[in-house]
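One structure is given below, encoded as structure tokens.
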Amino acid sequence: MSRKFGIVGAGAWGTALAHVARSAGHAVGLWSRGTPDPNALARADALILAVPAQALREALTIIAPAVAARQPLIVSAKGIEQGTGLFMNGVVQQVLPHAHPLVLSGPSFAADVLRGLPTAVVMAAPTMAEAGEWAGALSIPHFRIYASDDVKGVEIGGALKNVLAIACGISDGRGLGDSARAALTTRGFAELTRFGRAMGARPETLMGLSGLGDLLLTCSSRQSRNYAFGFAVGEGKSVAEALALSMGVVEGAATVKIAHALAHRHGIDMPIVDAVHAIVDDRARPDEEIARLLARPAGKENR
């Protein structure tokens, strides 16, 4: 069944999702701050929010008059709002309580999607029926969308993997080798699962596309802005210089401070996140944080 999707955000990911929706046979309207055409969102069956996490609240406030009661809002931003500690679903609920938020996340690069390369992601909603409906509407052969009713778990996986990808980028930028990256990715996943468990996510969700899957992708590819940012810092560039070199928003650099704060508030041991926070926000030297991590007792693996 053909529908209309309004895409909020005309960056790389918004453009890629517009391409997916058109390929699935739907009408598409594209809205951005640069071209705020109200007709792009008019009479849309659902809106896809493809703006950076820290810009979501502003975008929602601007488009609020165009959002109907119970209208599905599919959030594709991955992060935690700095000022409130809210995940993106919570931001939507706070700004537009009459809307109906869903979450789209998973291991995906916009360039791969636009080239028609095989990609699998996950759509999360309060019920499997809703998740399945919108996953089915947007799925095409090379862009497979699985369904989940664990909204919090899908959001946590998407947000935390950005921070951990920075750590892996720093390690590679320092020339620490493949073994070090594998160790960071694995122990980073342990931190992600501890955080998810404390926040009410299901373990099986974090083992899926928006947890382990997204982590594996972003911790090993220069296509990842977070990894590339970390690599530049590891090579010796300042945080400001590395951010200036990025071709887009580095979500992990904006998320790490609030992720660090939430971890400490809830008593969650996250030494890798602590190290990234120290480097990004407190301007600690990478070598000092690497030495601190290596000096930690190894302990039991499954904790």
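The values are calculated or read from the model by the stated rules, or taken from the named source; none is laboratory data. In this text the structure is predicted, and so the values were computed from the model without any measurement. All Cβ positions, glycine included, derive from the backbone under ideal geometry; neighbour counts span all protein chains shown.
The table for this structure:
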{"read-out": "Failed criterion for THR84 (all others in (1) under 14 Å from the mean Cα position of the chain (by Cα); (2) assigned to a loop (DSSP other than H, G, I, E, B); (3) of a type in the set (S, T, N, Q); (4) more than 19 Å from VAL250 (Cβ to Cβ) hold)", "value": "(1)"}
{"read-out": "Residue list for region 186-216, restricted to those being touching a helix residue (DSSP H, G or I) at 6+ places or on another chain (Cβ under 6 Å) and among the hydroxyl-bearing types (Ser, Thr, Tyr)", "value": "THR193, THR205, SER210"}
{"read-out": "Conditions (1) farther than 27 Å from LEU216 by Cβ; (2) in contact with a helix residue (DSSP H, G or I) (Cβ under 7 Å, 6 or more places away or on another chain): number failed by ASP37", "value": "(2)"}
{"read-out": "Residue in region 48-66 that is modelled with pLDDT under 95, under 21 Å from MET247 (Cα atoms), surrounded by fewer than 20 Cβ atoms within 10 Å (Cβ to Cβ) and assigned by TED's automatic domain parsing to the domain that holds ALA135 present", "value": "no"}
{"read-out": "ALA69, sole failed condition from (1) under 27 Å from ALA261 (Cα atoms); (2) surrounded by fewer than 17 Cβ atoms within 10 Å (Cβ to Cβ); (3) aliphatic (A, V, I, L, M)", "value": "(1)"}
{"read-out": "Residue satisfying condition, being of a type in the set (A, V, I, L, M, F, W, C) and either out of contact with any strand residue (DSSP E or B) (no Cβ under 8 Å at 6 or more places or on another chain) or under 20 Å from VAL249 (Cα atoms) (or both), within set LEU102, LEU96, LEU117", "value": "LEU117"}
{"read-out": "Residue that is farthest from ALA190 (Cα to Cα) [pool: residues in region 262-303 that are among the aliphatic types (A, V, I, L, M) and part of a loop (DSSP other than H, G, I, E, B)]", "value": "ALA284"}
{"read-out": "Verdict on ALA254 being exposed (fewer than 14 other Cβ atoms within 10 Å of the Cβ) and either in contact (Cβ under 8 Å) with a residue 40 or more places away in the chain or assigned to a helix (DSSP H, G or I) (or both)", "value": "no"}
{"read-out": "Hey, ALA77 in contact (Cβ under 8 Å) with a residue 60 or more places away in the chain, in a loop (DSSP other than H, G, I, E, B), under 21 Å from GLY11 (Cα atoms) and within 16 Å of the chain's Cα centre (by Cα) or not", "value": "yes"}
{"read-out": "Residue among VAL28, VAL103, VAL91, VAL75 that is in contact with a Lys or Arg (Cβ under 7 Å, 6 or more places away or on another chain), among the β-branched types (Val, Ile, Thr) and within 22 Å of ASN226 (Cβ to Cβ)", "value": "VAL91"}
{"read-out": "Residue that is more than 23 Å from ALA254 (Cβ to Cβ), touching a residue at least 12 places away in the same chain (Cβ under 8 Å) and under 22 Å from the mean Cα position of the chain (by Cα), where the choices are ALA44, ALA21", "value": "ALA21"}
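Table: residues versus (1) farther than 21 Å from ALA278 by Cβ; (2) within 13 Å of the chain's Cα centre (by Cα); (3) surrounded by 24 or more Cβ atoms within 10 Å (Cβ to Cβ).
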{"position": "ALA165", "(1), (2), (3)": "no, yes, yes"}
{"position": "CYS168", "(1), (2), (3)": "no, no, yes"}
{"position": "ARG202", "(1), (2), (3)": "yes, no, no"}
{"position": "ARG222", "(1), (2), (3)": "yes, no, no"}
{"position": "PHE231", "(1), (2), (3)": "no, no, no"}
